[in-house]
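Following: one structure in structure tokens, then a few remarks.
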Amino acid sequence: MSASSSPTGSLPHIEKYELAEEIGHGGMATVYRARDLRLHRDVAVKIIHKHLRENPEVRRRFVAEARAVAKLRHPCIVEVYDVSDEADAERFLVVELIRGTTLRDLLRQHPELPAEVGACITALLCDAVDHAHQCGVIHRDIKPENVLIELPPATAETPKPPVARSASDPPPAGSSGSGSGRRDSSRRSDGEKLRVKLTDFGIAKVLDAQGVTSTGQILGSPAHMAPEQIEGGAVVPATDVFALGVLFYECMVGHLPFEGKNPAQVLRRVIEGKYEPADAERPVVGGRWGRIVGRARERDVAARLASAAAFAELVRAELAALGVTDLRGEVAEYFADPVAYRARQAAELPARLLERGESARRKGMVHAAAADFNRALAYRPDDLVIMRRVSALSAEAAWRRRALRLGAVSLFSAALGLGAFGMTRWLRTSEGAASPSAPATGERATTGPGSEPEEPPASATAPVPASAATAPPSASAAPSSAASTSPSASASASAPSSAGITATAPPTTSGEPPPRGPDTRRVTFVVAPPGAVFVLDDKTEKWQGREFPLRVGSSHTVRITMPANAKCCENLETGFTVAAPPADSPDAPLPLIFKLKTKPGTASVSGGPPGSAMTCLRAGFTAGAMPVPIVLPEASLTDTCTFTPGRKTSTWTFLAGEANVVPWPGE
């Protein structure tokens, strides 16, 4: 719903409410700020459009849905105060007034929220949706336009800049890996003033009346609709979970997962379930968040998270693991100073990710460890400590895969050996038991009246058992009479068969490296920045957590390119030759690191007094109002700069290849 204003003379008249101004309008209704003349409080009045209120089915559904939503009582749901009746000239809904803005407007200003901020907003909305589901109400149209956020007033205290630390350093004491002293003191009071509200419950159902859905306006947000909703299937709680997953994805990545040139293309892609994972689109999101949001956006309802409560539980567990427990406070802190928040996160989060990744690696949870290491590397692409861990984990993951494959082969071979040994023992026992009491040749053995004749006894002319066919020549050359006169002779003849099968089993994997070709070597890659496209020998490859068996001495080409919208770095095309491993470590992998060269950018100060300038030591430049060229050592660099006159300081994240305009710090 977009904001607007309207002159007082053109405002509708509603008894008991004094309309003050138009504050928004959308496809169904126009919203006004009004005064409740009986209770003397400010409210919001939604008046549905004339072409809709003339439809009898819409009028009926509007009242029914308003009554259903009015029973919802939750801190994150806009409360319904009143609804029109048949005697009123207008069809309207009176709800609490939120003095904020929509999440859509905030996303226009902050297109890529930090993953943890988007997660906090999503978890709060999950709580609201779960409450509605418990009351039998399904929203049907969850999207940023229907989320209202009222931010607390900005705090007077300026956040302290983060202290520069290595990614291998532990988080500061008392921070739980996620904050500074300022967070402990003021973010709780800020969080108590922040309000996140979900509105427009049941609107999609109201608009689903006959003749209304024929207008293109009713689809509204096809990219947020679940496949079953598009195909006309049953709308269930998991339908809202899908929309929450789309909203979470958009908060983290900066665009919708399903995009197209027109609504028809978008709807088709939603139905097909094709989209880029969040962590592939934006590596700083991380694989753990990518998997969580992916579970909420499964195409099949049966595979999707079944409830908003289950979605919230996963989100809260990951937030807690990263040290975030005050959801409202986290959101309030970000919007109070986004630059300082991002700088703090870039300074502190990699250390926590490395700590958790190491713990996961020790437990054998390779995928979880890779997700943490790769996310840490996305924040610090030049950190050699992280690069070494990613490379080592890639080699370890390949070792595990090969060990598992070899173990499966060993088990299968052992099973065959045991089976052959058991069959040989059975044949040996059968032959030995039959020899002492075998009847003379030509006689018929019976076990009682009417019994069928048994098989004739084994003799020199009997067929050789299949197991004996594998005996070595020395055993098969034994005299036939020996084999037919003694059970012990039969046993000695069948023994080589079993031994031969056992000898073909592969060696055990305990303490030994996995097998590899004598002329191949395992090669691992690390690419910085992680968002670049990696092409090996004209084939696009995913390098994270993988190894490539390449022939020793072979030459290969590598091409690394940035996405079309990225300006930070120059593309790279080079080659390499696979070197032989050291003689004392024949199974050592070959780690190769490729880093793109950053493009020059500019930096300047805006809004400062005459002669103002800033000095940024880490970035290595001094700039004034006129842009100066800068060359950064990495794609992005967060620095705390000193401004003159006045010796003020402010934290800013500079981007390579961009025109970085830094505002003069306020009081």
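Quick one: grab the alpha carbon gyration tensor of the range 1-97, order the square roots of its eigenvalues as a ≥ b ≥ c, and give me rounded if a/c is under 1.5, else prolate or oblate depending on whether a/b is larger than b/c.
Here the range 1-97 falls in the rounded category.
Tell me which lysines have Cα within less than 21 Å of Lys599's Cα, excluding those fewer than 8 residues away on the same chain?
Output for Lys599: Lys567.
Rg to Rh ratio, the range 216-349, alpha-carbon atoms and Kirkwood radius?
Ratio of gyration radius to Kirkwood radius: 1.00.
How compact is the range 601-663 by the rule of thumb for globular proteins, expressed as Cα Rg over 2.2 N^0.38 Å?
Taking N as the residue count of the range 601-663, the ratio is 0.99.
So, counting K/R as plus one and D/E as minus one, what does the shell of residues with Cβ under 11 Å around Thr557 add up to?
-1
Note down the nm distance, to one decimal, between modelled labels 7 Å out along Cα→Cβ at Ile593 and at Ala20.
Using points 7 Å along Cα→Cβ, the separation is 6.0 nm.
Please give the FRET efficiency for Arg551 paired with Asn571, using the beta carbon to beta carbon distance and R0 = 35 Å, rounded to the nearest 0.05.
0.85
In terms of the Cα gyration tensor, with a ≥ b ≥ c the square roots of its eigenvalues, is the range 523-597 rounded because a/c is under 1.5, prolate because a/b exceeds b/c, or oblate?
Taking the square roots of the gyration eigenvalues as a ≥ b ≥ c, the range 523-597 is prolate.
Give the residues of the range 69-106 whose amide nitrogen is closer than 18 Å to a point set 7 Å from the Cα of Leu37 in the direction of its Cβ.
Residues passing the 18 Å test: 82-85, 87-95.
Laboratory data are not the source of any read-out in this text; all were calculated from the coordinates shown. Note that this is a predicted model, so its numbers are computed, not measured. Here Cβ is always computed from backbone atoms with ideal geometry, including for glycine, and neighbour counts include all displayed protein chains.
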